[in-house]
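The values are calculated or read from the model by the stated rules, or taken from the named source; none is laboratory data. Just so it is clear, the model here is predicted, and its values are computed rather than measured. FYI the Cβ positions are ideal-geometry reconstructions off the backbone, even for glycines, and counts take in every protein chain you see.
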Amino acid sequence: MRILAIDYGEKRTGIAVTDEMQLIASGLTTIPSGTALAFLTDYFAKEKVEKVLIGEPKQMNGLPSQSAGLIDAFTAKFTNQFPDMQVVRVDERFTSKMAFQTMINSGLKKKQRQDKGLIDEISATILLQDYLIQKNK
């Protein structure tokens, strides 16, 4: 069964998923946030997913960030629509910066690095990869 990670944002949502053995995290897609629940309904009908990670935005001092209310509202809708799905909230501090640095390190041109959707997808992948590393320690 797979683990899926969601980097939910006001406009876009990045989604990453593991392989069946939960060894490798890969970016799946970036979608408009308003379509997230419909997308996930369709995806869960096709793929077996064991749990979903949802980013938890925090400030440097550990307090919730400005976008926390938006993501908490999405999480509530998600758990209402998928009551049997295990949800794990994951600290998402630094994921956008790490995603941008990953894009630079991988040689993407400046124009490609301005693709905010790609940043969201890579951020979700980083969330998921970090979770896998912690889980397997």
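Overview of values
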read-out	value
Members of segment 35-58 that are farther than 20 Å from ILE133 by Cβ and of a type outside the set (D, E, K, R)	THR35, ALA36, LEU37, ALA38, PHE39, LEU40, THR41, TYR43, PHE44, ALA45, PRO57
Test set (1) at pLDDT below 60; (2) touching a Pro at 6+ places or on another chain (Cβ under 9 Å); (3) of a type in the set (S, T, N, Q) - SER65 fails condition number	(1)
Residue selected from segment 103-137 under the condition surrounded by 13 or more Cβ atoms within 10 Å (Cβ to Cβ) and farther than 25 Å from LEU40 by Cβ, by the criterion modelled with the highest pLDDT	LEU108
Number of the condition not met by THR95 [criteria: (1) modelled with pLDDT of 65 or more; (2) within 24 Å of MET1 (Cβ to Cβ); (3) under 12 Å from the mean Cα position of the chain (by Cα)]	(1)
Pair list, Cβ under 9 Å, 6 or more apart: segment 71-92 residue surrounded by fewer than 16 Cβ atoms within 10 Å (Cβ to Cβ) and at pLDDT below 95, other residue part of a loop (DSSP other than H, G, I, E, B) and not hydrophobic (A, V, I, L, M, F, W, C)	ASP91/PRO57; ASP91/GLY62
Tally, over segment 17-50, of residues that are out of contact with any Phe, Trp or Tyr (no Cβ under 9 Å at 6 or more places or on another chain), in a strand (DSSP E or B) and within 17 Å of ASP84 (Cα to Cα)	1
Whichever residue in segment 1-10 is outside any strand (DSSP E or B) and touching a residue at least 60 places away in the same chain (Cβ under 8 Å) and, among such residues, is surrounded by the fewest Cβ atoms within 10 Å (Cβ to Cβ)	GLU10
Sole exception among (1) modelled with pLDDT under 95; (2) among the β-branched types (Val, Ile, Thr); (3) buried (at least 20 other Cβ atoms within 10 Å of the Cβ) for VAL52, by number	(1)
